[in-house]
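Take a look at the structure set out below.
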Amino acid sequence: MPITVLIADDQAMVRAGFAALLDAAPGVSVLGDAQDGVAAVEQVQRLRPDVVLMDVRMPRKDGLWAAEQIISSGAPTRVLMLTTFDIDDYVYSALRIGASGFMLKDAPADELVRAVHVVASGDALLAPSVTRRLIAEVTSRTPKKTSAAAGALTPREREVLETVAEGKSNAEIAGELFVSEQTVKTHVSNVLAKLGLRDRAQAVVFAYENGLK
């Protein structure tokens, strides 16, 4: 089955461009689009796409509001934020509530297609250095806190969390820690469960906010 996508952006040309690009990509199908946050939420409820490409700034209700509505509803749809700016408080907030990552609108076409596949697979799009710079920039403005839940992590789980926060893939973490990818997946799942986090994006935010990176 193809990965189904909804495109939410207030600019018609952007929506059309992304739709043409993704429809031409193997294994991807665009179900529809939306021009503001309210319409995006309505379309997700109606179409149930695998992934939403969500612009941060839109009229009526913005992308952050829409992302929160979609994620809190328990819908299986993954949210990938789109922004013109590489340092953006709104995107950081979206990661905190459970968005699976973000991309700059001017990213190359192949990166956009790859991002859709990564997010649809249940992973988070954390590889771009801009994501880590964004989180580091925003969290540097606020005092670090200490979560009691972090104390439940084993030394190895804490080590895995620290490497996840660096934006590394399971394969990269496995190579660095000299363990199998399946072992890394198990550790990541345990970390998410113990900390009550949705995915790796939230794990990165947690690590920065709690001074683990």
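The values are calculated or read from the model by the stated rules, or taken from the named source; none is laboratory data. Everything numeric here is computed off the predicted structure, so don't read it as measured data. Don't worry about glycine lacking a Cβ; one is built from the backbone with ideal geometry, like all the others, and counts go over all protein chains shown.
The condition of being touching a residue at least 40 places away in the same chain (Cβ under 8 Å), under 23 Å from Met13 (Cα atoms) and either buried (at least 16 other Cβ atoms within 10 Å of the Cβ) or not assigned by TED's automatic domain parsing to the domain that holds Asp9 (or both) holds for only one of Ala39, Ala66, that being Ala66. Checked against (1) crowded, with 16+ Cβ neighbours inside 10 Å; (2) modelled with pLDDT under 80; (3) not hydrophobic (A, V, I, L, M, F, W, C), Asn170 meets all criteria but (2). Hey, could you check segment 173-213 for residues that are at pLDDT 90 or above and basic (Lys, Arg) and say which is farthest from Ser93 (Cα to Cα)? Step by step, filter segment 173-213, then rank; the result is Lys185. Considering only segment 1-18, state which residues are over 20 Å from the mean Cα position of the chain (by Cα) and of a type in the set (A, V, I, L, M, F, W, C). The answer is Met1, Ala12, Met13, Val14, Ala16. Considering (1) at pLDDT 95 or above; (2) within 26 Å of Ala165 (Cβ to Cβ); (3) in contact with a Gly (Cβ under 6 Å, 6 or more places away or on another chain), the lone condition that Ala66 does not fulfil carries the number (2). Restricting segment 84-100 to residues that are modelled with pLDDT of 70 or more and not in a loop (DSSP other than H, G, I, E, B) leaves a set whose member that is farthest from Arg198 (Cα to Cα) is Tyr90. Quick check on segment 32-50. Is at least one of its residues closer than 15 Å to Val119 by Cα and of a type in the set (A, V, I, L, M)? No, that holds for no residue. Filtering Ser72, Ser93, Ser100 for residues that are crowded, with 21+ Cβ neighbours inside 10 Å, within 25 Å of Glu209 (Cα to Cα), assigned by TED's automatic domain parsing to the domain that holds Asp123 and in contact (Cβ under 8 Å) with a residue 24 or more places away in the chain leaves a single hit, Ser100.
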